[in-house]
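Colleague: Before we start, here is the structure in question, set down as structure tokens.
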Amino acid sequence: MKLFQPLLGMESQPKSKQNQLSQPYRCIAQALIPSNITPAQTRLIYATEADILNMALFGFTAKQWREQNAEKEGNIRDHAAVEQLIVLSNLESINAEFIRQGLSQSDRLVALNATAINQMRSLLASFAIKLLK
């Protein structure tokens, strides 16, 4: 029951507040964040998970991208192609499922990278994606 306390507490919050967390990030929070973690630690865990996704799709972390692109404003995702953003969204959901399944971080990275490669190939070959541009 203690595991579900944070979720039960959300019921008393306004719906807009509840909807701020997307399903994949709620799963990450439930699977990775201990109940008495500090806000700073929470941000670190989310950053680590975001970097797993960045590494799987882009091949480097957000920090590495910033160091290599110091002259650019924004972050790696601000400069991503439409296809990359679509795949990134898919990877977030897939990562959440991998976390539920108990896969290690390294196993998730390998699987997410293979998925990213496959999805990028499919999207780049798709006529429909060209219509979105």
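The values are calculated or read from the model by the stated rules, or taken from the named source; none is laboratory data. Only a predicted model underlies this, so the values are computations on that prediction, with no experimental measurement involved. Virtual Cβ from ideal backbone geometry, glycine too; neighbours counted across all protein chains shown.
Colleague: Here is a check on your reading of the model: is LEU103 assigned to a loop (DSSP other than H, G, I, E, B), more than 30 Å from LEU131 (Cα to Cα), at pLDDT below 95 and within 16 Å of the chain's Cα centre (by Cα)? Spell out the reasoning first.
Modeller: Details: assigned to a loop (DSSP other than H, G, I, E, B): yes; more than 30 Å from LEU131 (Cα to Cα): yes; at pLDDT below 95: yes; within 16 Å of the chain's Cα centre (by Cα): yes.
Criteria met by LEU103.
Colleague: Scan the range 91-114 for residues that are polar (S, T, N, Q) and surrounded by fewer than 18 Cβ atoms within 10 Å (Cβ to Cβ) and jot them down.
Modeller: Hits for the range 91-114 are SER93, GLN101, SER104, GLN105, SER106, ASN113.
Colleague: When you scan the range 72-129, how many residues do you find that are of a type in the set (Phe, Trp, Tyr) and either free of Cβ contacts under 8 Å to residues at least 12 places away in the same chain or touching a His at 6+ places or on another chain (Cβ under 9 Å) (or both)?
Modeller: Total meeting the criteria: 1.
Colleague: Out of the helices (runs of 4 or more DSSP H) lying entirely within the range 1-96, which hold 1 or more residues that are at pLDDT below 70? Let's see the steps before the verdict.
Modeller: Numbers: elements: 5-10, 15-18, 23-32, 39-58, 62-68.
Of the helices (runs of 4 or more DSSP H) lying wholly inside the range 1-96, those with at least 1 residues that are at pLDDT below 70 span 5-10, 15-18, 23-32, 39-58.
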